[in-house]
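**Student:** Take a look at this one; I'll ask things after.
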Amino acid sequence: MLTFPCPDQHAIVVRDRMVNRQDVELRILAVVSPEKRSEIARQLAPLKADVLFCGHASEVAAAIDEDDTFQVALLPAMLSDGRCWELWGLLALLRRRPALLVYAREASFQLWSGVLESGGYDVILEPFSDEELQDAVLRAAKSFEEGSQNGSVRE
């Protein structure tokens, strides 16, 4: 197993491998409340990703189209406007559906299994450290890329 001197170095190495291999920057769709946006942006900054922040499902619908490619969609377990399934439906319409990384304050077995059974990649629990979020995003992005190479992502 490779070890890196610090989490930022790990993030840079993985990101650079992805950019060099795919010639595309890491793109993240992050559905985050305005109150949490600056904190999540700070936590994701070392990844040097292209992050599209949206606060509500309706913003996502207006901001993306089916040709957009995001490796990762960072989504709350519950949206304040109650439109979680609508949001998942929008993401399913993308030509290449991103790896869905769901965050929540608490995770029950029902939430975890529901996310995974619905095609989500993983659930992470708040509050998460910078390293936890970065590692989860990078693992999800790696899963997306492996799925693309194996043909399991809708093209």
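**Student:** Of everything in the stretch 11-41, what is open to solvent by less than 40 Å² (accessible area, probe 1.4 Å) and modelled with pLDDT under 55? Give them in sequence order.
**Tutor:** Ala11, Val13, Val14, Arg15, Met18, Val19
**Student:** Between residues in the stretch 91-104 that are part of a loop (DSSP other than H, G, I, E, B) and among the charged types (D, E, K, R) and residues that are modelled with pLDDT of 85 or more and open to solvent by less than 10 Å² (accessible area, probe 1.4 Å), which pairs lie under 8 Å by C-beta distance while being six or more apart or on different chains?
**Tutor:** Cβ pairs passing all conditions: Arg97/Leu91.
**Student:** Pick out the one residue from Ala107, Ala140 that is closer than 23 Å to Glu39 by Cβ, hydrophobic (A, V, I, L, M, F, W, C) and open to solvent by 30 Å² or more (accessible area, probe 1.4 Å).
**Tutor:** Ala107
**Student:** Checking the structure you have, find out if any residue of the stretch 69-78 is polar (S, T, N, Q), out of contact with any Asp or Glu (no Cβ under 9 Å at 6 or more places or on another chain) and open to solvent by 20 Å² or more (accessible area, probe 1.4 Å).
**Tutor:** Looking for residues that are polar (S, T, N, Q), out of contact with any Asp or Glu (no Cβ under 9 Å at 6 or more places or on another chain) and open to solvent by 20 Å² or more (accessible area, probe 1.4 Å), one finds at least one in the stretch 69-78, hence yes.
**Student:** Go through the residues of the stretch 42-54 one by one and say whether even a single one is among the aliphatic types (A, V, I, L, M), in a loop (DSSP other than H, G, I, E, B) and surrounded by fewer than 19 Cβ atoms within 10 Å (Cβ to Cβ).
**Tutor:** No; the residues of the stretch 42-54 include none that is among the aliphatic types (A, V, I, L, M), in a loop (DSSP other than H, G, I, E, B) and surrounded by fewer than 19 Cβ atoms within 10 Å (Cβ to Cβ).
The values are calculated or read from the model by the stated rules, or taken from the named source; none is laboratory data. Computed from a predicted structure; not experimentally measured. Ideal geometry is used to build each Cβ from the backbone, glycine not excepted, and the neighbour counts take in all protein chains shown. The protein model used for the area step is the full one, side chains on, heavy atoms only, and it has no ligands, DNA or RNA in it. Shrake-Rupley method; radii C 1.70, N 1.55, O 1.52, S 1.80 Å.
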